[in-house]
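Note sheet for the following structure.
The values are calculated or read from the model by the stated rules, or taken from the named source; none is laboratory data. Note that the structure is predicted; figures quoted are calculated from it, not measured. Every residue, glycine among them, receives a Cβ derived from its backbone with ideal geometry; neighbour counts consider all protein chains shown. Side chains included, ligands, DNA and RNA excluded: accessible areas come from the protein's heavy atoms. Shrake-Rupley method; radii C 1.70, N 1.55, O 1.52, S 1.80 Å.
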Amino acid sequence: MTPFLEGLLRLAWWLVLAPLLPGLINKVKAWVAGRRGPPVLQLYYDLARLWQKQVVMSTLASPGFLIGPAVAWVALAGAVCLVPLGPVGAMLSFHGDALLMLYLLALARFFTAWAALETGSAFEGMGAAREVSYAILAEAAMVAAMLSLSVQTGSVSLVTMLAPSAGPGAALLAAGLFTVLLAENCRVPFDDPNTHLELTMIHEVMVLDHSGPPLAVILHGAAMKLLLFSVLLTEAVLPMGELSPPAATGVLLAGVLGVTIGVGLVESLLARFAFRRVPLLLTTGVLFCLFALLVAWKGGRA
Amino acid sequence: MNNYLNLLIGLAMGLNLIALGSSRLPSLIRAVSAQGIVLGLMPLLLEHHPDWRVLVVVVATVAGKGFVIPWLLRRAMRAATIERELNPLVGFVPSLLLGAGGTIAAVAFARLLPLLPEHAGSLLVPGALASVLTGFILLIGRVKAISQVCGYLILENGIYLFGLLLIRSTPLLVEAGVLLDLTVGVFVIGIIVDRIQRAFDSLDTRKLTVLRE
Amino acid sequence: MTPGPLLLTAIVALAAAIVAGLRWPRAWLGLNLLASAAAFGAALSPLLGGPAWEWFGTVTVGGETPHLRVDAVSGIFLVLIAVVGAAGAGYSREYWSDGLHPASAPRSRGWWSGLVLCMVLVTTVSNGLHFLIAWEAFAVCGYFLITLERKRPAARAAGWLYLVASHAGTLGLFAFFSLLAARTGSWDLGPMRENADLAPLVWLVLFGFGVKAGVFGLHIWLPSAHANAPSHVSAIMSGVAIKMGIFGIVRFSGWLPTPTAAGWLVTGLGATGALLGIAFAFAQDDLKRLLAYCSVENIGIILMGVGGAMLAVSQGDAGWGRLALAGALLHVWNHGAFKTLLFLGAGSVLHGTGTRRMSRLGGLWRVMPWTAGFFLLGALAVAGLPPLNGFVSEWLVYLGFFDAVTAKGTSAWVAMPAVLMLALAGALALASFAKAGGMIFLGAPRTPAAARAHECGRWMRGPMLGLAAICLLIGLVPVLFWPMVARAVGAWHPAWNTMEAPAPIATLGSVQAALAGVIVVVAAGLWWRTRANGLRRALTWDCGYATPTARMQYSSGSFAGIGSGWFSLVLRPVRHWRRPRGVLPAGAFRLDRVPDVVLARVLTPMSDLILRCSTAVRRLQHGRLQDYILYVVAGLAVMAVLVSMGGVL
């Protein structure tokens, strides 16, 4: 029973800490703009409030409209179970779990898009189309990053892959993964999480019609995804496995905090890109990961 | 020593890709000038005991490639009051992918060349090949005269990298010659740009085909 | 029980079904189900660890002794034929019933049983001559099934293209089997890996079977044939018939010595085919064409696995090849199950609405909840998403190639790009099926035809339910199926004949099962919470627009616009449009079509050129006697010159 409880505890950490990140980003943005900004715990309040609310559902929508967010949330929760948390390790680890993680993220994407299409709204169709299209390039970048970590460590299991630093290609990998993080979590140069009702959105436009508990589940899932990518980025770049457990915990926390602040700074200093330039930026991300792969390959041979 | 050199060349290769991906003229010129500065610093790393001649060359190259030529280009751009958005013949994403593929191919190809053992581990030759290729992609894929000049400049940077292989045997004569040619070329193009602008109200080199009769 | 009597039962029952199908539909269905059960049983014995079964006839047929063989490799394909054969037969009872298609229903039944019979023979016959006969009969049955609706010009054209392409492939196979017979001195087939001068014949195998499998580049017949055939026929063509090409490639790449270059080529072809096939699928508006191109993608994935195994063998039996081949063979089953399911679902949509065009459908979940549910399941499986079966096999292929990369041999140079292309293909497959499912079943009906749709009956639902259950079962308990696949891998390459499963497949299975369980629990929890908080129905919010109409929805073309725009260099979409002009614009439109680029840009110009050349040559043939005599004299003179020069030289 103990391993089971331990696993639950670890999952609880992910679930509880995730909503902190968007709050931190907002705080950084407010700080740069010289405002006070919403409290760091704002998302927790929002989630609690939404969980109590009544649901309004489109007359066109099928039960899939409610099931979609649930499946997406479960998929994301499953994905975080596979990611090691520094010295504590992952809840579950086996040969090839890196691929399962990528495909769980894809499952979440499918159901978010599916729930968006339920409403028959042109806006939500637009958002879903963008989400699945940009994911094509993001997926290529992620797999290239995974390949480079595999080449580096000779393993296809996240726990081993993320233990050492990414070696000479670390800077390239960091740049590539950061680009993917911004794209997959719909942050600023790709999407603007603050706007509503504009034709330039991806994620926000897909959840326009959701309300109440399903919306809470979607928001929590998005926060979890952001935390997952931040942890992944930190662990891929820094040599977590070579540090003592307390130091590794500290480094992991600092790294996630650093990534969060980085996202906040990017959002404060950059404007959203025009849509026709998004593929260019994503391709750059793919190329970063690809060159990281080549560097890892060459480094491993020498 | 070699590691720092490889880092600089890697930077230059990255700037190649930035040049390919930039959609506005000023950022293209910025990339080219940054590449010029990076390349200009290299002789310092290559020579173990830099004497005054190398210093002069470094200063001249950095000043020429990094500041003078970009300044001339910016002046030409301002004088001709052209639109700063590039409209490419080969799109940005395809040219970026082509450039990346070319870079990888250059690294793979350089291994096959019969190089001196001291150059085998360095990225000099791949960097040179990649820059030449990038120059060609820019020359083929861009329309405006100024972006063509940028293509020439990157092409010349590639030749310069090749020249660095010979830095021991020839005192940068080749490089000086090429640089001189190019400066003259930029002057001439600067003037021509002005004339084209007056005659055609545009800097689209495709319109020059009208002159063939 | 040995496979012999069971196989005999299957063959006799199918032969009887051909006759019964003309008059007695019930008896036909019974015989087909019996044959399927018997063939299934026959295949199961080698898959469950029994020895390979062989049988030599006593009388000669066409001068050759009949030779049948059922081993684990043929067992894999036999199981597929049995399952899909039974599902399709049950489905066609309602879908292509005598009441709906009085003229063609008896023909449909007869040719169906013929097709299944021929495929059973193709997988079991082990004599080159008899294989060719069965292969040819199989192609002919396919032709008559595709052209069941012979009044429709599109169906006739598709059938014609299929027949021509199929025969081009058969030509390659004729060359292959006769060269094989010439070099070995016998038409009998079997393992001959030691005979090194047979290696070049692999290229003929790849071409001949590649056409049937629909390898990208040789796939020209596939989209139109699968789109225009009746849906139960599309299902078996896509789910099973193209796998016969894969069967040939797997069978003979295992029996013959293979040059290293073949492994590289097959892997490369598979990876590019997977990517380009699904890129074409994404851009389609015709649901069945989308599914057909998606088959090209899945054939690419299977070929990647097979090519990886060939590479691994040529590099000292590396263990990763075993994973890749196991993934490929499991994908044969998986693709058979989910693609048949999807085509049957497409048939149900066509049955209920009368159109295959996604931009004319929409909102069908309300009237067709069963079909919508099955289609969603099939879509998840085909996109390779956990916890369904498609993920298991794709994961095995991925894992094989990742291990190839970490092994850092020369094969890593093909493994790295292959993995990247597989990732791109996976993301595109997700996009394609989010589009297909969303456009057909969600939102509001776009046309009156879609609004008047009706759900299919029990006979159409039953087979879909069965196939969906298979998709779930392979996804949730892959350990159950691993030993069978492992035995087939062992039969392909005896050096890999070890039984232990790579440990993670059991873990993966339990993770998938747990995932499915948690999904059900969480979905139920969210549903309950929503009910408890109160649920109100209202108009889609749509940014406050008060009177949205169904035509304002995102259409399939616009959904695919961004993604297919990136591939426009390859896809070459054909666009016609008129922009709205003036203050009160009238009559603006935009039409996008993505024709098959290989057919339209390569083969049609080439055949035009051949036609022009032959027209020019035909001028020599004009009917004037004097000129003919002149030709004869000229010919003689040329020969005389040649002979005399030969004497001189």
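For the pair the stretch A:241-271 / the stretch C:549-609, the C-alpha centres are spaced 46 Å from each other.
For a test of the definition: using alpha carbon positions, the gyration tensor, and the 1.5 limit on a/c, classify the stretch C:133-206 as rounded, prolate or oblate. It is prolate, given that a/c is not under 1.5 and a/b is the larger ratio.
Across chain C, Cα-Cα pairs farther apart than 36 Å form 41% of the total. Taking only alpha carbon atoms, the stretch A:234-302 gives an Rg to Rh ratio of 1.10, where Rh is the Kirkwood radius. Relative intensity of the stretch A:4-106 on a log10 scale, I(q)/I(0) at q = 0.16, 0.17, 0.24 Å⁻¹, equals -0.96, -1.02, -1.20, per a Debye sum over C-alpha point scatterers of equal strength in the absence of solvent.
Accessible area of residue C:440 (1.4 Å probe, protein heavy atoms only, ligands and nucleic acids ignored): about 0 Å².
Ranked by solvent-accessible area (1.4 Å probe, protein heavy atoms only, all chains present), the residues A:261, C:474 order from largest to smallest as A:261, C:474. Seen from all directions on average, the stretch C:302-528 presents a Cα convex hull projection of 13.6 nm². Plainly put, the stretch C:1-120 has a radius of gyration that is 1.03 times its Kirkwood radius, both from alpha-carbon atoms, as the Rg/Rh ratio. In the context of the full set of protein chains, chain A has a per residue accessible area of 34 Å² (1.4 Å probe).
What shape does the stretch C:397-492 have by the C-alpha gyration tensor, where a ≥ b ≥ c are the square roots of the eigenvalues, rounded means a/c under 1.5, and otherwise prolate means a/b greater than b/c and oblate the rest? Oblate, because a/c is 1.5 or more while a/b does not exceed b/c. Aspartates and glutamates near residue A:27 by alpha-carbon distance under 18 Å, same-chain residues fewer than 8 away left out - which ones? Correct list for residue A:27: A:46, A:192, A:267.
Quick one, what does Rg over Rh come out to for the protein assembly as shown if you take C-alpha atoms and the Kirkwood Rh? Rg/Rh: 1.00. Protection proxy ranking of C:250-256, C:117-123, B:110-116, C:315-321, by the mean of other Cβ atoms within 10 Å over each peptide's residues and highest first, is C:117-123, C:250-256, C:315-321, B:110-116. Per the Debye formula with a single identical scatterer at each Cα and no solvent contribution, what log10 I(q)/I(0) holds for chain A at q = 0.08, 0.12, 0.16 Å⁻¹? Each listed q corresponds, in turn, to -0.34, -0.78, -1.41. Radius of gyration (Cα atoms) of the stretch C:55-181, expressed as a multiple of 2.2 N^0.38 Å: 1.19.
Calculated from the alpha-carbon coordinates, the stretch C:572-649 shows an Rg and a Dmax of 27.4, 87 Å respectively.
Between the DSSP loop rule and a limit of at most 16 other Cβ atoms within 10 Å, which chymotrypsin sites (Phe, Trp or Tyr not before Pro) in the stretch A:221-302 are left? Counting only loop positions with at most 16 other Cβ atoms within 10 Å, the chymotrypsin sites (Phe, Trp or Tyr not before Pro) in the stretch A:221-302 are A:273.
Within the stretch C:501-648, the proportion of Cα pairs with more than 21 Å between them is 80 percent. Protein-only accessible surface at a 1.4 angstrom probe places the residues C:26, C:366 in the order C:26, C:366, largest first.
Counting Cβ atoms of other protein chains within 10 Å of each Cβ in A:273-281 and taking the mean gives 3. Computed over chain C, relative contact order equals 12 percent, with contacts defined as Cα pairs under 8 Å that lie 6+ residues apart. For the set B:65/B:144; A:225/C:339; C:151/C:243; C:408/C:435; A:225/C:408, the pairs lying more than 27 angstrom apart at their alpha carbons are A:225/C:339; C:151/C:243; C:408/C:435; A:225/C:408. A 1.4 Å probe over all protein chains sorts C:40, C:481 by accessible area into C:40, C:481, starting with the largest. Kirkwood radius, the stretch A:53-159, all distinct C-alpha pairs, inverse of mean reciprocal distance: 15.5 Å. Solvent-accessible area of residue A:238, all protein chains in place: 60 Å² (probe radius 1.4 Å, heavy atoms, ligands and nucleic acids excluded).
Counting only aspartates and glutamates at least 8 places from residue C:212 when in the same chain, those with an alpha carbon closer than 15 Å to its own are C:136, C:297.
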